[in-house]
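The values are calculated or read from the model by the stated rules, or taken from the named source; none is laboratory data. For clarity, every value in this text was computed on a predicted model and none was experimentally measured. Note that each Cβ is placed from the backbone with ideal geometry, even for glycine, and that neighbours are counted across all protein chains shown. When the accessible area is computed, the model is the full protein with side chains, heavy atoms only, and any ligands, DNA or RNA have been set aside. Shrake-Rupley method; radii C 1.70, N 1.55, O 1.52, S 1.80 Å.
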Amino acid sequence: DPSWTRRAAEEAEAVAAISCSGHGRAYVDGVLDNGRPMCECNTCYTGTDCSVLLSNCSADVESGDPLFLEPYWMQHAAKSAVVLSGWHRMSYATTDNSKSLELEKHIRTLHAAVGNAITDGKYLVFGMGSTQLLNALVYALSPENASSPASVVATVPYYSMYKGQTELFNGRDYEWKGATAKWMKSNKTNFIEFVTSPNNPDCLLYNSALGGSSVIYDHAYYWPHFTAIPEPADEDVMTFTMSKLSGHAGSRFGWAFIKDENVYNKVSDYLHYNSVGGASRDTQSRLLNYVKVILAEIGSDGDIFKFGFNKLRKRWHKLQVLVSSSSRFSLQQLSPQYCTYFKKIRDPSPAYAWLKCENEEDTNCAEVLMKGGIISRGTGFGASTRYTRLSLLKTDDHFEMLLQKLKPLVTSPDE
Ligand SMILES: C=C(NCc1c(COP(=O)(O)O)cnc(C)c1O)C(=O)O
């Protein structure tokens with residue numbers, strides 16, 4: 001029947017037409033209420049159509065949930081929709097981590113077009129989120145049957161996943177050894193260093209601190225949304241994620257470029273035993289379409305990087321103006337920088353605010369904010385509790401709620 005897609009298309013259109021008052025959205029697989037998917041509301045909004053603002057509700061800016069890009073895809077609904085047949089790619093991973101060769105081609109083309117990575121001569125592997133690839137790479141870079149395990153380190157403040165994974169998976173051949181600062185004077189062999197650039201939580205561009213042989217460059221945020229691109233990254237091991245490129249965190253898709261074939265083969269072995277290959281084929285089919293849209297819109301008014309940069313630049317500016325109106329808090333220092341993508345010097349547009357509580361008595365900054373109705377992330381970075389992280393990546397509702405709750409704290413009589 002040539003119109004077998006009609007039901008799916010009509011259902012998708014009907015659900016997309018459910019407005020949820022602009023403070024939520026409905027999904028085709030949402031919980032049904034009278035046969036219609038319910039609205040799933042942004043934090044602090046409720047009601048069948050998300051039109052009710054809860055009083056006294058905390059601003060939740062704890063996670064780097066990239067919903068700031070949701071409006072972009074709503075604006076590109078027709079180009080981004082994908083219909084998959086019920087028999088779409090039912091097989092297990094066949095060869096080479098069950099990678100979509102078209103997706104591989106388009107990802108390499110995108111890096112070349114954006115100019116944020118050199119991918120020639122490097123193997124590409126897909127993972128269920130770049131999170132799955134992080135431990136796969138630690139395993140692959142650890143020496144086999146070495147007399148002592150590799151030391152896994154990162155520079156403070158670091159993304160908590162590195163420590164959490166390394167300790168939980170507790171491999172024989174690697175061990176979490178904390179901050180690079182502790183090891184600067186030691187013998188650099190048998191270290192695996194995570195370098196996050198731009199960094200999470202302070203959004204600065206980082207290089208290796210130890211200068212050792214095994215470095216995992218986590219470039220989750222090395223896209224023009226979040227930072228100037230001074231030059232293409234060209235490292236032996238680099239990870240990226242669709243979560244921060246297109247905002248599709250729920251699709252669980254990340255990738256790594258790996259120069260060394262032996263490391264690539266060990267990562268592939270890990271993925272086979274961990275999940276019979278990396279990311280699902282359904283996810284790859286869906287995301288291939290999004291990469292095509294991103295590529296097609298580069299340089300036009302529909303350029304996702306222009307959308308993301310402008311959104312985050314404005315948020316950062318508003319937050320800076322508010323925080324600088326008092327001495328109670330301070331933010332990380334970010335400077336305008338020349339960007340090879342936009343071909344101009346551009347303002348900062350960080351994914352996160354790394355907020356410091358300056359008052360002597362405010363030793364736990366996350367607690368100070370929590371009392372003021374703001375949920376932030378104050379632990380896990382290896383840093384002092386005088387700092388806490390504010391996510392700038394969520395919806396407009398989340399960001400406006402943050403400003404609303406932060407204002408009285410900044411101008412509080414406690415000062
Ligand atoms: C969502 C958050 N971090 C995602 C993240 C990830 C995870 O990305 P995934 O591809 O979605 O698994 C990897 N690397 C860095 C530096 C990250 O910050 C967060 O910190 O709240």
Relative contact order (%) - segment 225-355, alpha-carbon pairs under 8 angstrom, separation at least six: 32 percent
Relative packing of peptides 296-303, 228-235 - highest average C-beta neighbours within 10 Å first: 228-235, 296-303
Value at 222 nm in deg cm²/dmol, rounded to 500, when DSSP H runs of n ≥ 4 in the chain each add -39,500 (n - 2.57): -10000 deg cm²/dmol
Potential lengthening between SER384 and LYS259 on full extension [0.36 nm per residue; Cα-Cα distance subtracted]: 41.4 nm
Packing rank of 144-151, 210-217, 106-113, where each peptide gets the mean count of other beta carbons within 10 Å, highest leading: 210-217, 106-113, 144-151
Counting DSSP beta bridges with both ends in the chain, the antiparallel % (nearest 5): 60 percent
For peptides 248-259, 315-326, 79-90, sequence by mean Cβ density within 10 Å, most packed first: 248-259, 315-326, 79-90
Label-to-label distance, nm, for residues given as GLU361 and TYR92 (7 Å Cα→Cβ offset): 6.4 nm
Residues listed by number, segment 221-254, amide nitrogen under 18 Å from ILE345 label point at 7 Å toward C-beta: 227-231
Cα gyration tensor shape for the chain, rounded if a/c is under 1.5, else prolate or oblate: oblate
Segment 62-189 shape via C-alpha gyration tensor axes, a/c threshold 1.5: prolate
Solvent-accessible heavy-atom area per residue, rounded to whole Å², over segment 168-207 at 1.4 Å: 54 Å²
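Return the FRET efficiency for the residue pair VAL83, VAL321: r is the Cβ-Cβ distance, R0 is 56 Å, and the value is rounded to the nearest 0.05. Please list the in-between numbers first.
Details: r = 45 Å, r/R0 = 0.81.
FRET efficiency, VAL83 to VAL321: 0.80.
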Prolate/oblate/rounded call for segment 276-329, Cα gyration tensor, a/c under 1.5 rounded: oblate
Simple label model, 7 Å out from Cα along Cβ direction - THR189 to GLU70, nm: 5.3 nm
Net charge contributed by nearby residues that have their C-beta within less than 13 Å of ARG315 (K/R +1, D/E -1): +1
Dimensionless Rg ratio for segment 339-395, taking C-alpha atoms and the 2.2 N^0.38 Å reference: 1.42
Positive-end residue, segment 1-113 charge dipole about Cα centroid, Cβ charges, pick of THR109, SER58, GLY22: THR109
Percent accessible area from carbon and sulfur atoms, the chain, protein chains only, probe 1.4 Å: 51 percent
Nitroxide proxy distance, nm - points 7 Å out along Cα→Cβ at LYS407 and SER213: 5.8 nm
Segment 218-278, relative contact order in percent, only Cα pairs under 8 angstrom and at least six apart counted: 25 percent
